[in-house]
Amino acid sequence: MKSNSQRVWAPNIGGSQRRTHWFYERVSGEYLIEQAYLTKTEKTKFQLENPKTQLIEKTSLSKSENSWLKKPDVVSKGAQYSFASVAD
């Protein structure tokens, strides 16, 4: 999922001409860590290509996946339980 999110462009929103990526966050805080050692220019470019609104957390993705697979019992037990179920 991480490599796909970096490789595949997200659809343009609202007629925007700028191409963006979804940012898949495998580890909590990874979005901020990616920007920690960038220069101001690189950081701005990173934020334009990977907007915070297009951040996907692993737990949210697992809850969506389990919902799609019609497993409300797993989703209702919480995000971490849902992620463990998808990881298995």
**Request:** Output the residue which, of all residues in segment 13-25 that are open to solvent by 80 Å² or more (accessible area, probe 1.4 Å) and more than 30 Å from S82 (Cβ to Cβ), is modelled with the lowest pLDDT.
**Result:** G14
**Complete:** Restricting attention to segment 30-88, the residues that are under 26 Å from N12 (Cβ atoms) and outside any helix (DSSP H, G or I) number exactly 6
**Item:** One residue from S28, S5 being surrounded by 12 or more Cβ atoms within 10 Å (Cβ to Cβ) and either in contact (Cβ under 8 Å) with a residue 40 or more places away in the chain or closer than 21 Å to A84 by Cα (or both)
**Value:** S5
**Asked** Can you find a residue in segment 36-48 that is closer than 20 Å to K2 by Cβ and touching a His at 6+ places or on another chain (Cβ under 9 Å)?
**Response** no
**Matching entry among L55, L38 (being modelled with pLDDT of 90 or more, under 15 Å from the mean Cα position of the chain (by Cα) and open to solvent by less than 90 Å² (accessible area, probe 1.4 Å))** = L55
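The values are calculated or read from the model by the stated rules, or taken from the named source; none is laboratory data. The shown structure was predicted, so the numbers you read here are calculated from the model rather than taken from an experiment. Methodologically, a virtual Cβ is constructed for each residue, glycine included, from the backbone with ideal geometry; neighbour enumeration extends over all protein chains shown. Heavy atoms of the whole protein, side chains included, go into the accessibility calculation; ligands, DNA and RNA do not. Shrake-Rupley method; radii C 1.70, N 1.55, O 1.52, S 1.80 Å.
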